[in-house]
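Structure, as structure tokens:
The values are calculated or read from the model by the stated rules, or taken from the named source; none is laboratory data. Owing to the predicted nature of the structure, the values given are computational and were not obtained by experimental measurement. Positions of Cβ are backbone-derived with ideal geometry, glycine not excepted, and every protein chain shown enters the neighbour counts. Protein only, heavy atoms only, side chains kept; ligands, DNA and RNA dropped before computing areas. Shrake-Rupley method; radii C 1.70, N 1.55, O 1.52, S 1.80 Å.
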Amino acid sequence: MALAPLAEKTTLPTARDFYASDELFLTEDEKLVRDCARKFAQAELQGRIRAWDEGNLAPYAKGEELTRDIARKIAGSLSLFGATLPELGRYLGEAEFVPMSPAAYGAAMRELEYADTAIRSLASVQSSLGMFAIYSFGSEEQKKRWLPSLYRGEKLVCFGLTEPQGGSDPADMKTRAERTPEGWVLNGSKVWITNGFADVAVVWAKTDEGVRGFLVEKGTPGFTARHEVKWAMRAGTASALSFTNCRIPAENLLPKTVAKPGQDLKSFLSCLSEARYGIVWGAVGSARACVEEALRFAQNRTL
């Protein structure tokens with residue numbers, strides 16, 4: 001019995017996609033998102049990122065200006081922020097919201113990180129940490145207030161979990177929130193917070209009842225941010241956040257983070273899991289960039 005002929009190979013292996021996985025697994029709509037993200041990275045990032053990473057932020061005066069402008073461009077060109085949140089259109093108007101499949105979102109993250117890790121990090125924090133936390137655990141009022149402007153890149157959000165003594169280990173969390181008749185008082189610090197200059201911070205703190213999430217707005221008395229000096233990923237800004245008798249109103253508690261002891265860690269852990277999905281795609285983009293750069297060097301060097 002003769003064997004059926006093998007299917008003709010339509011795509012030759014390349015350094016960027018050796019196994020032709022995009023052709024095998026992405027739909028046409030997902031490829032369109034990938035291609036738009038690739039064109040964005042080529043047009044807005046790849047010609048500038050080397051200078052930015054060396055500390056020359058031109059045409060921007062400082063890192064915050066760079067991040068805010070790139071965030072607005074990502075939102076305007078790719079509609080990427082919060083694109084996998086299934087009912088986000090309720091807070092925007094269905095005509096404005098452009099939903100994406102997880103694979104489309106991941107492919108876009110891969111293309112951003114191919115250009116630079118700091119830019120993918122910007123997008124991950126805005127979308128998968130900050131917006132996801134507000135969308136999943138916030139009140140209707142909090143969602144209506146913040147999600148539209150975050151989706152459009154008009155405002156930024158950061159995620160305050162990591163601490164100097166214990167990283168992201170909740171057992172070693174020192175930041176505390178004490179209840180008062182008017183709301184809450186925060187004391188503590190967070191470190192290596194991407195986009196720490198953001199308009200609002202999602203801050204995790206211990207209370208007498210367990211770990212809770214809070215929204216702390218930029219400019220709140222007792223809340224300060226100090227930007228870190230970095231030797232890598234210098235196109236992005238990381239900050240140390242400090243809270244000294246920082247008073248926030250009761251309505252700034254993320255209500256769905258209230259849970260019994262033993263269940264109170266699920267909220268922020270789910271945010272980390274959401275972010276890691278995009279990070280995994282990003283790691284592939286970074287690896288591809290390294291392979292292609294190594295090939296260019298090997299093929300063009302003079303012995």
Explain nothing, just the number: dipole magnitude of the range 184-303 about its Cα centre with +1 on each Lys and Arg Cβ and -1 on each Asp and Glu Cβ, in debye rounded to the nearest 20. 280 debye
Computed over the chain, protein heavy atoms only, probe 1.4 angstrom, the accessible area per residue in square angstrom equals 51 Å²
May I ask you to list the residues of the range 13-51 whose amide nitrogen lies under 19 Å from a point 7 Å from Cα along the Cα→beta-carbon direction of residue 303? none
Per-residue HN-Hα couplings for the range 245-262, Karplus 6.51 cos²θ - 1.76 cosθ + 1.60 at θ = phi - 60°, whole Hz, x for Gly and Pro? 6, 7, 8, 10, x, 4, 6, 8, 5, 6, x, 7, 8, 6, 8, 5, x, x
Can you spot the aspartates and glutamates whose alpha carbon is less than 15 Å from residue 256's alpha carbon? Ignore those fewer than 8 places along the same chain. 140, 141, 209, 264
Under the rule that an exposed site lies in a DSSP loop and has at most 12 other Cβ atoms within 10 Å, name the longest stretch of the chain with no chymotrypsin sites (Phe, Trp or Tyr not before Pro) of that kind, not counting the sites themselves. 20-230
How long is the gain from residue 54 to residue 187 if the chain were fully straight, where each residue apart is worth 0.36 nm and the alpha carbon distance is subtracted? 44.3 nm
What dipole magnitude, in Debye to the nearest 20, does the chain give about its Cα centre under +1 on Lys/Arg Cβ and -1 on Asp/Glu Cβ? 500 debye
Which trypsin sites (Lys or Arg not before Pro) from the range 241-303 combine a DSSP loop assignment with at most 13 other Cβ atoms within 10 Å? 301
If each of residue 260 and residue 165 carries a label point 7 Å out from its Cα toward its Cβ, how far apart are those two points in nm? 3.0 nm
Keeping the other protein chains in place, figure out the carbon and sulfur percent of the accessible area of the chain, with a 1.4 Å probe. 56 percent
For a Förster distance of 41 Å, can you work out the FRET efficiency between the beta-carbons of residue 144 and residue 286, rounded to the nearest 0.05? 0.65
Suppose the chain between residue 172 and residue 42 were pulled fully straight at 0.36 nm per residue; how much longer would it get relative to their current alpha carbon spacing? 42.6 nm
Modelled label-to-label distance, residue 21 and residue 247, 7 Å Cα→beta-carbon offset: nm? 5.3 nm
Mean-square fluctuation check for the chain, GNM, Cα pairs under 10 Å: which of 58, 238, 115 is largest? 58
Cα-centred dipole magnitude for the range 70-117, charges only on beta-carbon of K, R (+1) and D, E (-1), debye, nearest 20: 80 debye
Can you pick out the pairs among 31/230; 155/190; 144/266 whose Cα atoms lie more than 30 Å from each other? 31/230
